Ligand code: SIN
Ligand code: FE2
């Protein structure tokens, strides 16, 4: 299937447990069930293509030598601790794939959806949607047991919102505050198809993934196990 029309639906799918959109912090919005199963399966197919290279999925090594349990492939810009580069100089030196146009359009729809929901209506953030042009996407792959510690997404020079999409196994997403990696925070279950946007006053909030619930991926999402997370960002770099 081509991407034409695939992401044109404005429909927000009825979410699991009838949970509606939720404001988790100022500018931080969880929209359950935003991607349809057809869209999820299509993205899973693209994921398969992205992992074939030129840069493979890799677990980044943090300063100090700790290797992350999450493996990542990047689009647009390559992220490594703690900077963006044009080539994957910490992997194989190859340039990363372009960030596809459909993802830019999807990012705009995501912002528009998140910031016009009743719980999170924010005209000043919604107004950003039309011009939103993410130039980097980190595509994370969580296998059984993978987790991600509390961190800020702060290697970007831009304050534009981060758009996050989840496919596959359900996870616990911990969304905190901008000051410390500890409490107060809110734990949110991100399920297959969910959208989470954090911008405005929450753009630099600490967040992490303490747990992925193995074996919870719905049958129709295109993944039998594991979890894919895509975060789109505006690097502000040139
Ligand atoms: C991240 O913070 O980069 C990933 C978040 C997620 O996997 O949902
Ligand atoms: Fe992050």
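Things worth noting here:
- Residues that are within 16 Å of ligand 2 (Cβ to nearest atom) and either part of a strand (DSSP E or B) or surrounded by 20 or more Cβ atoms within 10 Å (Cβ to Cβ) (or both) within the stretch 161-184 comprise 161, 162, 163, 164, 165, 166, 171, 172, 173, 174, 175, 176, listed in sequence order.
- Residue in the stretch 128-137 that is in a strand (DSSP E or B) and within 16 Å of ligand 1 (Cβ to nearest atom) present: yes
- Residue in the stretch 117-124 that is within 21 Å of residue 44 (Cα to Cα) and either surrounded by 20 or more Cβ atoms within 10 Å (Cβ to Cβ) or within 14 Å of ligand 2 (Cβ to nearest atom) (or both) present: no
- Residue in the stretch 142-150 that is within 11 Å of ligand 1 (Cβ to nearest atom) and either in a helix (DSSP H, G or I) or without any contact (Cβ under 8 Å) to a residue 40 or more places away in the chain (or both) present: no
- Within the stretch 151-172, tally of residues that are over 13 Å from residue 228 (Cβ atoms) and either more than 11 Å from ligand 1 (Cβ to nearest atom) or in contact (Cβ under 8 Å) with a residue 60 or more places away in the chain (or both): 11
- Annotation note: Cβ proximity below 7 Å between a residue of the stretch 85-105 that is over 20 Å from residue 157 (Cα atoms) and a residue that is in a helix (DSSP H, G or I) (sequence gap 6+ or interchain) occurs for 97/50.
- For the stretch 192-236, the set of residues classified as surrounded by 22 or more Cβ atoms within 10 Å (Cβ to Cβ), in contact with a helix residue (DSSP H, G or I) (Cβ under 6 Å, 6 or more places away or on another chain) and assigned to a loop (DSSP other than H, G, I, E, B) consists of 192, 193, 199, 222, listed by residue number.
Read-outs throughout are calculated quantities, based only on the coordinates presented, and are distinct from any laboratory measurement. What you are looking at is a predicted structure, and each value in this text was computed from that prediction instead of being measured. Backbone-built Cβ (ideal geometry, glycine too); neighbour counts: all protein chains shown.
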